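Working notes for the structure below.
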Amino acid sequence: MRRFSVCSFIVACCALVAAAQSSSHQYITVVAEPDHADWTYHVGEEAHITAYAIKENARMAGTTISYSYGPDKLDAVYNGTVTTDASGVAHFTVPAAKAPGFTSVRVKVELDGRTYSSMTNLAADPFDIKPTTTMPADFEQFWNEAIAKAAQVPMMPTLRHNAEQSNDRVDVYYLRLQSYRRGNFVYGVLTVPKTPGRKPAILRLPGAAVRSFTGPNELAYQGYVVLEIGVHGIPVDQSQEIYRQLEAGALSGYTTIGIDNRDTYYYKRAILGCVRAVDYLCTRPDVDSTRIATYGGSQGGMLSIITAALSPKVRALFAYFPAFCELTGYYHGRGGGWPHLFRNPAEPNLEARMAVSRYYDTVNFARLLKVPGFYAWGYNDPACCPTSTFSAYNVITAPKTLEVGRDTGHWLYPWQVDDAHAWLKKQLGVE
């Protein structure tokens, strides 16, 4: 029986919010059931789909189901309809894939002016998917020089104890570190267990948003010093109204700010801030600097991989549905990862922007990984589509473990989180 920890519950619930708002508890549930239970086929093998709609726990007979299929994240190449028989089922076939990748099968039912729908992504030899992005010849030189330059900037850490968030088991602090250049800071929340001795540490990296952070981080109750940082260079303890204004104003569309130049792109400062956060953890007397891991999902999954690739002080990583994989995918006629850049072939300065993206694409950092990693995602993720995440996973030569919850979207099941936590404990020697 799978374990279900408090921490996994929190992670899973946060990720489930979007899914719950969009698809759970529909009055009618529409299903496209593949004839392969694992939703996975070989190139050249067609898929046979059983379609049905369930209302009040019963399959609906004589119901018209509209269906479509096409490449992951791209327009459908075929639309059709089938009608369920007396037992409430109908059938259609999806042609064989000609190359490794994913095909999105969508089904929907319309009733009383409402539309009920779902998606099933079928895989064709997913472990053979190859990325379209390439690594620039000076990729490692670029990042090594940037890290070396940033290392010359004094860290100047400041800590503010938060008595309200602390308790008899952990202390919580708000942290500020100077990073990248003078006057540029990384802000975060540090949770430190009150147990004696040097402890392993986790750098928790954020998904895409402009928001506050609070403590204590639940992972600290498992014995880790946990540092959770933001990536925007702004304090993480302000009112939500301030973050709403920033998200609608100065930080609106931050994923494309400065993208015309590799030195001005928004994520350069963010990535160097992550490396600086690892450096800070190594300075703490209560941290065992030989036992540090990165941890995050979506944008945080991207940063978890990147930080582990760039910092030799990271010994393990957990990345779930990482973003920024295969940024050039759409340009090559296939699905790309969040934030779905370069979909418009008429985009200004497109070639230069794609050239910049290669210095930030998660795939190219994945090529450099030397430490073991635990990865998790699903086939039905609409944000970090599986075509993109498998593109990154398949180039990793370091030890790797992947757990796929095939019907998951941009969220994880609690068992995936629990298994990742058990893996981290083993990697970092936590009893």
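The values are calculated or read from the model by the stated rules, or taken from the named source; none is laboratory data. These numbers were taken from a predicted model, which means no experiment stands behind them. For neighbour counting, all protein chains shown are included, and Cβ atoms are generated from backbone atoms with ideal geometry for every residue, glycine included. To get the accessible areas, we keep the full protein, side chains included, count just its heavy atoms, and leave off ligands, DNA and RNA. Shrake-Rupley method; radii C 1.70, N 1.55, O 1.52, S 1.80 Å.
Side notes on the structure shown:
- Residues being open to solvent by 40 Å² or more (accessible area, probe 1.4 Å) and either closer than 22 Å to ALA308 by Cα or part of a strand (DSSP E or B) (or both) - total across the range 199-215: 1
- Pair list, Cβ < 7 Å and 6+ apart or interchain, from the range 271-292 residues that are acidic (Asp, Glu) to residues that are modelled with pLDDT of 95 or more and open to solvent by less than 30 Å² (accessible area, probe 1.4 Å): ASP286/VAL192; ASP286/LYS199; ASP286/VAL225; ASP288/LYS199; ASP288/PRO200
- Within the range 357-386, the set of residues being within 15 Å of ALA123 (Cβ to Cβ) and open to solvent by 10 Å² or more (accessible area, probe 1.4 Å) comprises ASN380 only.
- Restricting attention to the range 156-183, the residues that are open to solvent by 40 Å² or more (accessible area, probe 1.4 Å) and either within 18 Å of THR283 (Cα to Cα) or modelled with pLDDT of 95 or more (or both) total 14.
- The lone exception for VAL417 - which of (1) buried (at least 23 other Cβ atoms within 10 Å of the Cβ); (2) β-branched (Val, Ile, Thr); (3) closer than 27 Å to GLY258 by Cβ it fails: (3)
- With respect to the conditions (1) over 20 Å from TYR379 (Cβ atoms); (2) surrounded by fewer than 14 Cβ atoms within 10 Å (Cβ to Cβ); (3) modelled with pLDDT under 50; (4) not basic (Lys, Arg), ALA20 falls short on a single one, namely (1).
- Per the listing VAL225, VAL278, VAL231, the residue uniquely within 24 Å of ILE202 (Cβ to Cβ), over 22 Å from the mean Cα position of the chain (by Cα) and modelled with pLDDT of 95 or more is VAL225.
- Of everything in the range 345-356 that is farther than 17 Å from THR255 by Cβ and not in a helix (DSSP H, G or I), the residue that is most open to solvent (accessible area, probe 1.4 Å) is PRO345.
- Looking across the range 253-271, the residues that are more than 19 Å from the chain's Cα centre (by Cα) and not charged (D, E, K, R) come down to ILE257, GLY258, ILE259, ASN261, THR264, TYR265.
- Those strands (runs of 3 or more DSSP E) lying entirely in the range 75-150 with at least 2 residues crowded, with 17+ Cβ neighbours inside 10 Å: 90-94, 101-111, 114-124
- Matching residues in the range 184-198 - criterion: being open to solvent by 40 Å² or more (accessible area, probe 1.4 Å) and polar (S, T, N, Q): THR195
- Of the helices (runs of 4 or more DSSP H) lying entirely inside the range 217-328, the ones with 3 or more residues being open to solvent by 10 Å² or more (accessible area, probe 1.4 Å) and over 21 Å from ASN184 (Cα atoms) are found at 240-248.
- The number of residues in the range 46-73 that are under 32 Å from the mean Cα position of the chain (by Cα) and open to solvent by less than 60 Å² (accessible area, probe 1.4 Å) comes to 15.
- If you go through the range 187-197 and keep only what is out of contact with any Lys or Arg (no Cβ under 6 Å at 6 or more places or on another chain) and in contact (Cβ under 8 Å) with a residue 40 or more places away in the chain, you end up with GLY188, VAL189, VAL192, GLY197.
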